Amino acid sequence: MASPPRKATRSKTASSTPRRPKGPTLRTTRTTISKSPDYTFFLPLDPMPAPRPRFVVRGRFAQAYMPKEYDAWKDRAVEFVRGVNDRPLEPFTGPCAAHLTVRVAKPKTTKLEQPAPDVDNYAKAVLDAITQSGVFWADDKQVTTLVVHKTWANADETPGVEVSIIPRRPVLGSLVKSILGALRRETP
């Protein structure tokens, strides 16, 4: 009588796939950026980090204000953003991503490898100017991904901020809500 066939076994080699650990596993999701074009422009102003608000007491009330230099810088940035040619027809209503490259003029003498102010302060100033312009979005809370890189400007580069704004695909739920909302408005 013939013996039963042997079961195939895997050899323990480096090329075999690793076993999954027992217990709960962490699942990750990948967010994809839409295939729509990104909007890129260069803001040719010396980058200015957003300062902390100042306070003055008038009577029994404290009033917050921003320094005049920052307000003047933001007004110039808003004017420039409103004049950008590479812009959407209407401001985005959904989430978007922003990539900023901040190039700061290097002083003649410095021991620093990169500019000193925090990247989040540079980003806040630029995002506030874009928000105030009303060209790309209604509120900077729509920016769900933010990448900021700060560096010294080379001798042949103009100090400023290179901005790329990428609209993201609308989430299916928000798309359905907007369609249903439009249908409700149209029906008597």
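Key figures
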read-out: Of residues in the range 86-109 being within 18 Å of residue 161 (Cα to Cα) and of a type in the set (Val, Ile, Thr), the one surrounded by the most Cβ atoms within 10 Å (Cβ to Cβ); value: 102
read-out: Residue match in the range 27-45 (condition: modelled with pLDDT under 90, surrounded by 11 or more Cβ atoms within 10 Å (Cβ to Cβ) and within 30 Å of residue 105 (Cβ to Cβ)); value: yes
read-out: Matching option when the condition is part of a strand (DSSP E or B), more than 15 Å from residue 73 (Cβ to Cβ), charged (D, E, K, R) and modelled with pLDDT of 90 or more, among 150, 141, 106; value: 150
read-out: Residue satisfying condition, being touching a Ser or Thr at 6+ places or on another chain (Cβ under 9 Å) and among the aliphatic types (A, V, I, L, M), within set 50, 98, 72, 64; value: 98
read-out: Any hit, the range 113-133, residues being assigned to a strand (DSSP E or B) and in contact (Cβ under 8 Å) with a residue 40 or more places away in the chain; value: no
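The values are calculated or read from the model by the stated rules, or taken from the named source; none is laboratory data. It should be emphasised that the depicted structure is a prediction, and the values quoted were computed from it without experimental measurement. FYI the Cβ positions are ideal-geometry reconstructions off the backbone, even for glycines, and counts take in every protein chain you see.
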